[in-house]
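Comments concern the structure below.
The values are calculated or read from the model by the stated rules, or taken from the named source; none is laboratory data. If you're wondering where the values come from, they're calculated on a predicted model, not measured in any experiment. Positions of Cβ are backbone-derived with ideal geometry, glycine not excepted, and every protein chain shown enters the neighbour counts.
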């Protein structure tokens, strides 16, 4: 988890985390940072109520409200690795985040999507979360979902995990592969459940990463929008958001499906180091449609294998540069 914050302002984030463990942190409420910002994004700070420009690496605290303008997007990355993608014209409040006190350290989230649309991935078995909108309350545990909230109407889709969705009338359990179509506070949610019809299919001719001569490995992947039931191709364009459990990947700029619902893009995998031993040689890459309209489309996933570094290797963090060096 620490590895993902070791670039740019993430060094400051790591320092604050280490200080908090010794009781010396000046601000113990930092819970996330802002990543992959596109367009005009504003953060209204919860304590001061001042607006600051959203930028990559900006540290976020409990009470902060993140706002994306029309056409803008941004990712909130929490300390446990949970990730929320904000789409265009969205207001998202980090209402409350607290650490659990049981043996396995985890987090409890209370989040509020005031308006707009989000995609979210919450790390399995490490947290519980409630995501509220003006129309619904969603109980989450280890889950990948989309939520849209506009003008007193909501939509919810689920591709992994389980969630409970409640409005003023009913509570239902939504299973992966299904969605709730447009509903209000008073609708019977059981009447709004439908299968998710489409999916981003991800393929590659190469699935083993060799890192020959200890150099980065470039792999091309193909993405195709398909009908889940028939397997047929679906002709529809859209921007693509790529993410991974591996923190050393260079993604292409602004990947997108063409009018045929197809694209082919390169991924550059940096050489793994000792901090990646916990991945056990497995790298997953997810691809999802990067806009509000795609709650009818499940994300795709592909697995790459690599030779995991020895768990006996250690990383020494240089205090001045933040660079990691391998030692034994």
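Can you name every residue in region 274-293 that is closer than 18 Å to residue 212 by Cα and surrounded by 18 or more Cβ atoms within 10 Å (Cβ to Cβ)?
The answer is 274, 276, 283.
Residues to consider are 267, 257, 180, 223; find the one that is in contact with a strand residue (DSSP E or B) (Cβ under 7 Å, 6 or more places away or on another chain), within 30 Å of residue 137 (Cβ to Cβ) and modelled with pLDDT of 95 or more.
180
Looking at 234, 271, which is the one that is surrounded by 12 or more Cβ atoms within 10 Å (Cβ to Cβ), over 24 Å from residue 84 (Cα atoms) and in contact with a helix residue (DSSP H, G or I) (Cβ under 6 Å, 6 or more places away or on another chain)?
Within the list 234, 271, the selection yields 271.
Of the numbered conditions (1) touching a residue at least 24 places away in the same chain (Cβ under 8 Å); (2) more than 21 Å from residue 89 (Cβ to Cβ), residue 145 satisfies every one except a single condition; which is it?
(2)
Does any residue of region 12-31 turn out to be part of a strand (DSSP E or B) and at pLDDT below 95? Spell out the reasoning first.
Taking region 12-31 first, the residues part of a strand (DSSP E or B) are 30-31.
Right, trim to at pLDDT below 95 and you get 30-31.
Yes; the residues of region 12-31 include at least one that is part of a strand (DSSP E or B) and at pLDDT below 95.
Tell me, which strands (runs of 3 or more DSSP E) lie completely within region 156-268 with 2 or more residues that are without any contact (Cβ under 8 Å) to a residue 40 or more places away in the chain and more than 24 Å from residue 76 (Cβ to Cβ)?
171-174, 178-183, 193-195, 217-227
In region 146-155, how many are surrounded by fewer than 18 Cβ atoms within 10 Å (Cβ to Cβ) and assigned to a strand (DSSP E or B)?
2
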